[in-house]
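A short worksheet on the structure shown next.
Just so it is clear, none of the values below were taken in a lab; they were calculated from the coordinates. Note that the structure is predicted; figures quoted are calculated from it, not measured. Note that each Cβ is placed from the backbone with ideal geometry, even for glycine, and that neighbours are counted across all protein chains shown.
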Amino acid sequence: MFVRIVKMSFHKEHISAFLSMFEEKKAFIKASKGCSLLELYQDKNNPEIFFTYSYWEKEEDLENYRNSDLFKNVWAKTKVFFNDRPLAWSVDKKITLI
């Protein structure tokens, strides 16, 4: 399993549209093969910055999602709201304390 972290920065006037779209699509994204968790975070100091964290079983699962019509549709609608280039990382989770 690994974690995909994506940082996105939006124009203020598009945040509500992004949140509505995310709310509409989140269950479909989470239902993608190999996705075991999907979270959305908003920066406390800069409300224009958001992060998604998604947990994937295999890199192939993430790549299949990224090549899906669902991703292409969501990404096409999302990227027009950006005020900066998005950044993404794939990381291996090492330790969890609960």
Problem set entry | Helix 15-30 vs. the chain, principal-axis angle (Cα, 0 to 90°, nearest 10) | 20 degrees
For this session: Determine, for 24, 48, the number of other Cβ atoms within 10 Å of each Cβ, and report the residues in order from fewest to most.
Result: 24, 48
Exercise. So how long is each side of the stretch 27-87 along the principal axes, counting just the alpha-carbon atoms, biggest first, in Å?
Worked result: 33, 22, 20
For this session: Report the trypsin sites (Lys or Arg not before Pro) located in the stretch 35-98 that are in a DSSP loop and have at most 15 other Cβ atoms inside 10 Å of their Cβ, or state none.
Result: 44, 58, 93, 94
Exercise. Between residue 59 and residue 9, how many nm apart are label points set 7 Å from Cα along the C-beta direction?
Worked result: 2.9 nm
For this session: Work out the length of the dipole vector of the stretch 28-73 about its Cα centre, built from +1 on the beta-carbon of each Lys and Arg and -1 on the beta-carbon of each Asp and Glu, and round it to the nearest 20 debye.
Result: 120 debye
For this session: Mind pulling the angle between the C-alpha long axis of helix 69-79 and the longest principal axis of the chain? Nearest 10 degrees, somewhere in 0 to 90.
Result: 40 degrees
Problem set entry | Neighbour-count ranking [beta-carbon atoms within 10 angstrom, fewest first] of 54, 20 | 20, 54
